[in-house]
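Scroll down for the structure; my scribbles are underneath it.
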Amino acid sequence: MEFELNKTQKDIQKAVRDFVKGEFDKELALELEKNHEFPRKIWKKACDLGLIGVHFPEKYSGQGLGSLEDILVIEELCRGDSTIGSAIALAAFASEIIMHYGSEEQKEKYLPAVAEGEMLSAGAFTEPDHGSDITYMNTTAVRDGDEWVVNGGKTFITNGGLAGFYNVLCQTDPDATPGYRGQSLILVEADRPGLSTADVGNKMGIRMMATAEVTFKDVRVPLKNLIGEENKGFYHVLHFFDESRIQVAAQALGTAQGAFDRALAYVKQREQFGKKIAQFQVTQHKLADMATKIELARLITYKAAWNFDQGRIDPKLTSMAKMYAARTAVEVADEAIQLLGGYGYMTEYEVERFYRDAKITEIYEGTKEIQKNTIASALIGKLK
């Protein structure tokens, strides 16, 4: 077993850390979050450096690397700033569906555009009536001549309103039993007539990331916009979730590490009762617990990514990584606030924002309860 990153992976970490140091600014972060504004200039620079889509093949403007290298980028971005980092890290959200299942034409058109910063991508899976349950779809796509006609609505769509295209999970066979065997993925360009978006409103965290409701009213797209196999969309999305949950785990991991970094720096310089806070045993024990949780989250997240790169897709492991890393982010950020005391509650000291950004990692890409269902199902197997 080898637990050491190779030279390429270490170079990636350093490149992202240098980028964060040079481009992330605390005052800018506070301003962007206040205005709910996507960090477009920083995202463009990240694309110019090749930080977006590092796991895309080189022929599509990627670096030809894997999931592990991708999550190293995500971790370091979110460590530098949980809000800016998460917005940039998810700028290519769901583009992996095209990478794995798209036609050559789709790959050539959309993957370079995402990697080079020409457009954001989005996956439209969640529906208002079904939430985490994607086995049921009210959104439909019906063949009409040489076109699909899409009708329905999605909610809580990451990059909604900013994305250049949406990978939409639709019901294409209404008679399929069970229903998810009749679902397909349809690529819908953002400028198609009949597509509209509406911001979901104020959010607790990730306020630089657009989150929207997307409505499709008789939206027509060519039949060639089908992604992958017809009526196999549900299975394509499940495969994507095995990858995206590792990405969310990395987001949570970076957020936890960033909150810890700030708490550690604070307790080493803050004095109370004539001593540095870091000299008190109670503080040391808190730091030890936080660091241990982060290290465990890192190990399982890296393992899940490494397994994915080896072609060993393990939904149980990816769910474990996502669930544990997300819980770690919430707990570590909460403890960071406690260590800073009243200052921890103030926006200037950042850790309260890391706490708000941490919570979403327990919710999107499947709540922690959904992850437990996946883990338990794999452990128990089929019962006779």
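The values are calculated or read from the model by the stated rules, or taken from the named source; none is laboratory data. If you're wondering where the values come from, they're calculated on a predicted model, not measured in any experiment. Here Cβ is always computed from backbone atoms with ideal geometry, including for glycine, and neighbour counts include all displayed protein chains. To get the accessible areas, we keep the full protein, side chains included, count just its heavy atoms, and leave off ligands, DNA and RNA. Shrake-Rupley method; radii C 1.70, N 1.55, O 1.52, S 1.80 Å.
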Give the lysines reachable from residue 109 as a straight Cα distance under 20 Å; neighbours fewer than 8 places away on the same chain don't count.
44, 59, 224
So what is the relative contact order of the chain, in percent, for Cα pairs below 8 Å that sit 6 or more residues apart?
16
Residue by residue through the range 261-273, what is 3J(HN,Hα) from phi via Karplus (6.51 cos²θ - 1.76 cosθ + 1.60, θ = phi - 60°)? Round to whole Hz and write x for glycine and proline.
3, 5, 5, 4, 4, 5, 5, 7, 10, 7, 10, 9, 6
Give, as a single signed number, the net charge of other residues whose beta carbon lies under 11 Å from the beta carbon of residue 203, with Lys and Arg counted +1 and Asp and Glu -1.
0
Tell me, what is the percent relative contact order of the range 1-157, built from C-alpha pairs under 8 Å that lie six or more residues apart?
18
Using a 1.4 angstrom probe on heavy atoms only, work out the carbon and sulfur share of the accessible area of the range 34-170 in %.
47
Based on alpha-carbon atoms only, what is the radius of gyration of the range 344-384 relative to the globular estimate 2.2 N^0.38 Å?
1.87
Here are some pairs, 107/154; 14/203; 34/275; 303/382; which of them have Cα atoms lying more than 30 Å apart in this structure?
14/203; 34/275
Calculated SAXS-style log₁₀ I(q)/I(0) at q = 0.21 Å⁻¹ - the range 1-61, Debye, Cα scatterers:
-0.94
Tell me the mean residue ellipticity at 222 nm calculated for the chain from its helices only (DSSP H runs of n ≥ 4, each -39500 (n - 2.57), averaged over every residue, nearest 500).
-16500 deg cm²/dmol
Which net charge results for the neighbourhood of residue 243, defined as the other residues with beta-carbon distances under 9 angstrom from its beta-carbon, given Lys and Arg at +1 and Asp and Glu at -1?
-2
Calculated from backbone phi, Karplus (6.51, -1.76, 1.60) coupling profile of the range 341-346 in Hz, x at Gly/Pro
x, x, 5, x, 7, 9
Could you pull the Cα extents of the range 143-291 along its three principal axes, largest to smallest, in whole Å?
79, 29, 21
Got a number for carbon plus sulfur as a percent of the range 251-338's accessible area, 1.4 Å probe?
54
Taking the Cβ of residue 18 as the centre, find all other residues whose Cβ is under 11 Å away and add up their charges (Lys, Arg: +1; Asp, Glu: -1).
0
7 Å from Cα along Cα→Cβ at both residue 218 and residue 135: what's the point-to-point distance in nm?
3.5
Please turn the phi angles of the range 369-384 into ³J(HN,Hα) values with the Karplus equation 6.51 cos²θ - 1.76 cosθ + 1.60 (θ = phi - 60°), one per residue in order, whole Hz, x for glycine and proline.
5, 5, 4, 5, 4, 5, 5, 5, 4, 5, 6, 7, x, 7, 8, 7
Using the Kirkwood radius built from alpha carbon pairs, what does the Stokes-Einstein equation give as D for the range 100-153 at 25 °C and 0.890 mPa s, in µm² per second?
179
Placing one equal point scatterer on each C-alpha of the chain and summing with Debye, one gets log10 I(q)/I(0) at q = 0.08, 0.14 Å⁻¹ equal to -0.41, -1.21
Could you state the orientation-averaged shadow area of the convex hull built on the Cα atoms of the range 230-374, in nm² to one decimal?
9.7
Sorted by chain and then number, the residues having a modelled amide H within less than 5 Å of the amide H of residue 139, at least 5 places away or on another chain, are 153, 171
Starting from the Cα of residue 10, draw a straight line to each of the aspartates and glutamates and keep only those under 19 Å, dropping any in the same chain fewer than 8 residues away.
2, 18, 69, 70, 75, 76, 295, 309
What do you get for the angle between helix 315-340 and the principal long axis of the chain? Use alpha-carbon atoms, 0 to 90 degrees, nearest ten.
40
Note to self: with every protein chain in place and a 1.4 Å probe, the chain gives an accessible area per residue in Å² of 45
